[in-house]
Every structure is written in C-alpha cells, then in structure tokens.
Amino acid sequence: MEQYRNYINGKWRTPSTGVYVPNINPADPDEVLGMFPQSGGIDVDQAISAALAASCEWQRVPGPERGKLLLRFADLLDQHAAPLGKILTKEQGKVLKESAGEVKRAAVEARFMAGEASRLSGETLPSEVQGVWVQVIRESLGVIGAISPWNFPVVTPVRKIAPALACGNTVVFKPASDTPWTAVYLMELLIEAGLPPGVVNLVMGSGSVVGQHLSESSAVNGITFTGSTATGRRIYTAAAQHLGRVQLELGGKNAAVVMDAPNLEEAAKEIVAAAFAASGQRCTAISRVIVSKAEAGRLTDIIVELVRQIKVGDGLSSDTTMGPLISHARLETAEEFVRNAENSGARILTGGKRLTELGKGFFYAPTVLRGVKPDSPVAREEIFGPVLPIISVESIEEAVTICNDTSYGLAASVFTRDIDKAMEFAGEIQAGMIHLNHGTASQAHVPFGGVKASGQGAFSIGSTAKDFYMTNKVIYLRVS
Ligand code: TAP
C-alpha cells in the first residue's frame, strides 16, 4: 500500500508523528486507496517556516512572471483532467463527468488568476498639498493558510492557491482528510509547473490538529477556508487572537423560488441539476424549492420524474449519474433529516432510503419531499445530501420571508417571467449570489461568496479575491 508524504520546503517529507491513516473509496469502503500522513504541529510549524522564508523572494518575482507559472499549471490541469478526475472520483465519489469538469474548471480559474497577476494595480489620488503625489499600492499579504473541504478537492484548493500565488503570497495547504490524494496530485502538477521550494507547502492531517494549529499561528497572515459554518467560527476565533485576516466560505440553504415560471420543464431541469450534482454535497446546492400553489403540482410531478431517472452507483461506471455520499456520517445525516421531516408531516415522493443493494458504499437514493413545514429543520438547515424539500406558498412576499428565514445567505434562484417579481426577489433576498431563471451555478471569473452565516471576508473568485490576498500601502511623495 503506497504511503504518501507531506511536501515542505521543496521536499516530500514523512510526518513527524510517523502516523498514517487510510484513505477509502466511498463507493466501496473496503477499498483502501493509500495511506496518508496524520501530521502534527511540528510539521505545520516547519511548513510555515518554509513559507515565511520563501515569501521575500516570491513577492519580488514580477507579477507577470508569477502568472506564467500559473499558466503552466493551468495547462497541466487540462492535460491531466482524465487521470486526476479518476482519482477525484475514487476518493470523493462524484461521477467521472463531474470530476473531469471540476479539473477543467480549476484550469480556467487558474488561468484567470494568472492574468490577475498582471493587474495588481493600485491608484493615484489628487493631493491636498501642491507638489505632493499620493499613491495607494497593493502588497502581498504574506503567508496564507489554505484549508479546503472534501466536496470539491481540486477546484477549491486551486481557488485558494492560484490567487495567493498571483498576488505574491506563499501558502501552507491543508486538504480535507477525506480527499488527500487529489491534494498530492495538485502538488505534483505545481512542482512540474516550476514551483520554487517553500512557495506552496502541503501538510496533511486532521482539522483539529493541523487546521487548528495553522489558524492559531501568528506567522500566518491570512486563512482562507471553505467548509462548515461551525469550523469557520473556530477558525475566525483562532485567527482573531493574532488579528489574522480570514476569508470564510461556509454553508448554504439555497432556495429555488418558482412563481409564474416562463417554462416549468426548464425550471425543473435546472433545479434538479443544481440540487443533485455532487450528490447534493455543494455549498451552492439548491436545497429547497418554494413554489406558488398554482404551479406546485405540475412542477413537483416533473421534478419527481427527473429525479427517478437519476442512476445512482459507483462514479467510475459510465452509466452512473450520481455517486455515493462521502462518508457513513453524511449518510446518517441525510437519513435523520428525512426521518424528522416525515415525523413532522412531510411526504416522501421518491427516494428516502439507503441503497444497500448497491453494496457497502455510502449510497442514498435521491429524495424529494412534499408538504414540508417552512420552519422544520429540513427546510431551514443545510442538509449536504441528495434531499430536496418542496414548500408551496401563496405569494412572492411569503416566498421571500421563507427564503430569508435561515441563518445562511449564500445563493438563491428565482424562476419567473414577471420582471417585477424577479427584481423584488433580487432586492429582498439575503444572499451573496442571486440567479434569475437558472440554477445556482457560478462562473470562473465572477465573484463568489455569501452573507450571514455563509461567509466572511472578500468574495473568492474573480478580481475580488485580491482584496483578501493583498494589503494596501499608501505612499506620499513630495516632488521638489
Ligand atoms: P469541516 O469540518 O468544516 O471541514 C472542512 C475543512 O476544515 C477540512 O479540511 C477539515 O479537516 C478542516 N477542519 C476541521 N476542523 C478544523 C479546525 N478546528 N480548524 C481548522 N480546520 C479544521 O466540514 P466537514 O466535517 O468535512 O463537513 C461537515 C459540514 O460542512 C457539511 O455537512 C456541510 O454542511 C459543510 N461543508 C460545507 C462546504 C462548503 S463548500 N461550504 C464544504 C464541505 C462541507 P478534516 O477533514 O481533517 O476534518
């Protein structure tokens, strides 16, 4: 069984603890894919020291040169889309098509950030004083801690590492314990692209040890994190002790509102795609439908018909359209949400059970619930699984009230032909991203983020990322 190592200061290193843990295939938990380091605080400290030491030189490399490294990295991602996608499917479970799509998306985001490395502009201001110029320039933040989740183990790390490098920062990268293999592969591609020693360091291990230590270190200038709101709060608290900057991308409870939809079939297709991609394990997954009473029956019928066509199985099989959940714990969470919903009067229209006939994998049937109470947990809390509750309402005002009645504020969709309703919705909804007449899909150059318990700090994709990865310096210059 292959043993993988951390990558610190340009070398692959065994963890100081000497401990390795198995990485399993969620479609077949008996299959061990490799043994990965369970690192300790010493490894994190070594990685931070390496990143600090490399920082001075890396930030002096001209932006366009840093961009060239990212362009090579983006090309390598494209070239490796098939093998890296296969590894992604094996350790994460999503279907091959989604995995390859994720790698390609990562390449596009890396390429955009390569361009940003040539656009790290500041501004020149008029001065109050004659003969004095005022300039605001942008400098690198320093050492970045990048902590990523398991649901998008390629694009999320790239979304953190690429802007960090473009902006002249160095990185300590801690991947999720469930998906370390893709992290090792990403490091190999970065090395092949010409990464200097110390500029990106990979430390694998548990969140409570490696992630926590990284967040607490005063030598880390910024932590960029994607994952649960609970962990985000812990990181925010730890970073606050040394006034570290944070960028937190957290959970969501994204609604699709359907009210006078221009085309119910199209709306249903968009909703089902956004709800069940990655087995519903996306922070931007649509995880509740709020539909007018007049349209509820027909929309529900089409959604159920589409969901029944989803073919659950091992993501490696060509006919599979939805893979397993990441872990047994996620399976139990999905079950609990559905059980509670049923107990409070909801009806299962399809799914609602484990698919044990598919073997030991963490397979859960895509599920649609009707008659869901707007104040029940399944309607207000993040499920992170293939479960879609449907709620019917009388008016757009009621829909907006229900939409906002959650601690989250990430994304929302509305399907309507009524421009007044669309604009009322866009104005009233407490969310970082609003989609009118399509599902909750983001784009590779467009700012991405949430409000309320869904996020904190600068939006992560697109040019807004620079607000996290750079700091301002003001220069007053008297010209004689
Ligand atoms: P988290 O516990 O938040 O894990 C995300 C990352 O944070 C992982 O790398 C994790 O490491 C690390 N981490 C855990 N505890 C930490 C700590 N104290 N300090 C620093 N880093 C720490 O998420 P999860 O348990 O994998 O998933 C649970 C829930 O999170 C899901 O049900 C879902 O609601 C949400 N989630 C949201 C997203 C997005 S995209 N917003 C993504 C994934 C999960 P380990 O893997 O080693 O624990």
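Table for the structure above
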item: Förster-model FRET efficiency, 60 Å R0, GLU394 and ASP319, C-beta, rounded to 0.05; result: 0.90
item: ASP405, ASP319 arranged by Cβ crowding within 10 Å, fewest neighbours leading; result: ASP319, ASP405
item: Spin-label model distance (nm) - ASP375 vs ASN404, 7 Å beyond Cα toward Cβ; result: 1.8 nm
item: Helix 81-92 vs. the chain, principal-axis angle (Cα, 0 to 90°, nearest 10); result: 60 degrees
item: Rounded tilt (10° steps) of 155-166 against the dominant C-alpha axis of the chain; result: 20 degrees
item: Mean ellipticity per residue at 222 nm, deg cm²/dmol - from DSSP H runs of n ≥ 4 across the chain, formula -39500 (n - 2.57); result: -12000 deg cm²/dmol
item: Stretch gain in nm, segment LYS86-LYS68, where the contour uses 0.36 nm per residue and the Cα spacing is subtracted; result: 3.8 nm
item: Residues listed by number, segment 409-452, amide nitrogen under 18 Å from ASN263 label point at 7 Å toward C-beta; result: 414-419, 436-441
item: Cα lying deepest toward the dipole's positive end in segment 9-123, options ALA27, GLY93, PRO64, charges on Cβ; result: PRO64
item: Extended-chain gain in nm, criterion 0.36 nm per residue less alpha-carbon gap, ALA273 and GLU123; result: 49.7 nm
item: Cα centroid separation, segment 151-178 to segment 1-57 (Å); result: 15 Å
item: Distance in nm between pseudo-label sites at VAL136 and SER206 (7 Å out along the Cβ direction from Cα); result: 4.4 nm
item: Inter-label distance for LYS11 and ARG234, nm, one decimal - labels placed 7 Å from Cα along Cα-to-Cβ; result: 3.1 nm
item: Likely footprinting exposure, LYS466, LYS311, fewest C-beta neighbours within 10 Å first; result: LYS311, LYS466
item: Between helix 328-343 and the chain: long-axis angle, C-alpha atoms, 0 to 90°, nearest 10; result: 40 degrees
item: Sequence of ILE42, ILE419 once ranked by neighbouring C-beta atoms within 10 Å, starting from the fewest; result: ILE419, ILE42
item: Dipole magnitude (debye, nearest 20) for segment 194-292, charges at Cβ of Lys, Arg, Asp, Glu; result: 340 debye
item: Dipole moment magnitude, nearest 20 debye, the chain about Cα centre, only Lys, Arg, Asp, Glu C-beta charged; result: 820 debye
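Read-outs throughout are calculated quantities, based only on the coordinates presented, and are distinct from any laboratory measurement. For clarity, every value in this text was computed on a predicted model and none was experimentally measured. Neighbour counts are summed over all protein chains in view; Cβ atoms, including those assigned to glycine, are modelled from backbone coordinates with ideal geometry.
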